[in-house]
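Accompanying notes for the structure given below.
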Amino acid sequence: MATYFLALLLVFLILMFGMAISVSFGGHKVAYATYQWFGEALNYAAWEANQDGDPTQVSLRTSAAKRAFAEVFAEMTGTTYSNDSFVPRGSTSVYPGPITLGSFVPIEPGDPVPNGTASQPGYVATISVPVFGGAYPVVGEQYVSIPMRCFAVVQSVEGQVN
């Protein structure tokens with residue numbers, strides 16, 4: 001009888017381990033894809049906000065860059081941007097809750113950035129991405145979120161500012 005319970009416990013532990021591994025891989029996939037989109041949206045915003053006709057003169061236009069970032073990142077993630085939050089659209093979203101934009105700040109050469117010091121002007125943005133969670137009885141909405149931070153160098157492009 002004790003052998004039967006030991007075998008049952010072993011099967012239960014293996015199943016729980018398998019479930020934990022599959023949930024972890026799912027969260028990793030969502031976080032990795034979101035970080036790639038985050039970097040691409042920030043690079044696009046740094047480029048889009050600086051089309052002033054003189055490639056030798058780089059200007060920091062934070063409000064235009066933030067607006068471009070919000071539009072592109074919301075499109076990439078299937079969310080709607082409102083009050084520094086990217087709210088998932090519909091019930092089929094991979095995000096259990098809103099992605100929050102923590103900061104979007106201009107950076108001058110010499111300022112600290114992720115992985116070092118900036119040698120050129122640009123923008124640093126931080127977001128918090130929920131990968132697990134939902135609404136629970138008594139405690140309400142709870143999320144496991146991953147903070148992300150990225151730096152994009154401003155690129156001046158010949159053209160016109162909209």
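The values are calculated or read from the model by the stated rules, or taken from the named source; none is laboratory data. Note that the coordinates shown come from a computational prediction; the quantities given were computed from them, not determined experimentally. Heavy atoms of the whole protein, side chains included, go into the accessibility calculation; ligands, DNA and RNA do not. Shrake-Rupley method; radii C 1.70, N 1.55, O 1.52, S 1.80 Å.
Taking springs between alpha-carbon atoms closer than 10 angstrom, which of Tyr35, Tyr44, Tyr136 fluctuates most in the Gaussian network model of the chain?
Top of the fluctuation ranking is Tyr136.
Add -39500 (n - 2.57) for each DSSP H run of 4 or more in the chain, then divide by its residues: what number comes out at 222 nm, to the nearest 500 deg cm²/dmol?
That comes out to -14000 deg cm²/dmol.
Using only Cα atoms, find the angle between the long axis of helix 62-77 and the longest principal axis of the chain, and express it within 0 to 90 degrees, rounded to the nearest 10.
Its long axis makes an angle of about 40 degrees.
Please work out the C-alpha center-to-center distance from the stretch 29-45 to the stretch 58-122 and express it in whole Å.
So the two Cα centres are separated by 9 Å.
What does the stretch 21-162 give for Rg and for Dmax, in Å, if only its C-alpha atoms count?
Radius of gyration, then largest Cα-Cα span, for the stretch 21-162: 16.7, 58 Å.
Would you list Thr80, Thr3 from the most to the least accessible area, probe 1.4 Å?
The most accessible residue leads, giving Thr3, Thr80.
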